[in-house]
C-alpha cells in the first residue's frame, strides 16, 4: 500500500466520521426540540390552571358573578381585583398564542385553549377588561383577539361590536 492509498482511506474515514457526527447532531437537536415543545406545553398548562384556580378561589368567583350580573356596580377595589385576575389570564393566553405561532405549542392543545378562551372572552367582565387593557399586549395577539367571534351562551351577556 502506498501513501496515496493510505491518505485516501484516511479521508474516507474522516468524511464518514463527519457524516456520523452530523447525523448524531441532527438527532440530538430533534430530541431537544421535542423536549422544548413539551416543556412549553407543560409550562403554559400550569400557568393556565393556576390562573383559573386563582379566579375560583376566595371571593373571586363572587366578584366574577357580580361583574357578569351588574358590571356597573363594581367598586374601585373590586374593579382592580377583576382587572388583575382577567389580565393574568389574558397574559397566559397571549403566551399560549405566541408559543403556538412559533411552533412550540401543539395544535390540539392550542385549539382546546382557544375554545375556552373565546368563551371567556365573550363574557362581559373579560371583554370590558380587554377594552381597557389591550394596549399592553402584543400587537399580533391584539389583532387575533379582535378577529374572534363572540360565543353566545344564551345566559351570559355577550360582547357587542369591537370589544
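Please treat every number below as a calculation from the coordinates, not as lab data. Worth saying up front: this structure is predicted, and the values here are computed from it rather than measured. Neighbour counts run over all protein chains shown; Cβ positions are idealised from the backbone, glycine included.
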Of 136, 71, 100, how do they rank once you tally other Cβ atoms within 10 Å and put the fewest first?
-> 136, 71, 100
Mean separation of Cα pairs under 8 Å and 6+ residues apart, divided by the residue count of the range 29-97: what relative contact order is that in percent?
-> 43 percent
Identify the residues of the range 2-42 with backbone N under 15 Å of a label point that sits 7 angstrom from the Cα of residue 98 along the Cα-to-Cβ direction, or state none.
-> 40-41
Length gain on complete extension for the stretch residue 56 to residue 23, per 0.36 nm per residue less the alpha carbon to alpha carbon distance?
-> 6.9 nm
What number, rounded to the nearest 500 deg cm²/dmol, is the helix-based mean residue ellipticity at 222 nm of the chain, given -39500 (n - 2.57) per DSSP H run of at least four residues and division by all its residues?
-> -26500 deg cm²/dmol
Name the most mobile residue of 53, 96, 17, meaning the one with the largest mean-square fluctuation, in a Gaussian network model of the chain with Cα contacts below 10 Å.
-> 17
Using 15 Å as the cut-off for backbone N distance, which residues of the range 82-109 belong to the label zone defined by a point 7 Å from the Cα of residue 39 along Cα→Cβ?
-> 104-105
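Just want the ordering: 25, 63, from fewest to most Cβ atoms lying within 10 Å of their own Cβ.
In increasing order of surrounding Cβ atoms, one gets 25, 63.
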If you build a Gaussian network model of the chain, linking Cα atoms that sit under 10 Å apart, which residue out of 56, 131, 16 swings the most?
-> 16
Compute the FRET efficiency between residue 116 and residue 30 as 1/(1 + (r/R0)^6), taking r as their Cβ-Cβ distance and R0 = 45 Å, and round to the nearest 0.05.
-> 0.90
So how tilted is helix 107-121 from the main axis of the chain? Cα-based, degrees 0 to 90, rounded to 10.
-> 20 degrees
Nearest-ten-degree value, helix 3-56 long axis tilted from longest Cα axis of the chain = 10 degrees
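When only Cα pairs under 8 Å and 6 or more residues apart are kept, what is the percent relative contact order across the chain?
Reported as a whole number, the value is 22 percent.
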Relative to the chain, whose Cα atoms define the longest principal axis, helix 76-101 and its Cα axis are tilted in degrees, nearest 10, by 30 degrees
Note the listed values (1) 17.8, 57; (2) 25.4, 96; (3) 15.5, 48, then indicate which one is Rg and Dmax of the Cα atoms in Å calculated from this particular structure.
-> (2)
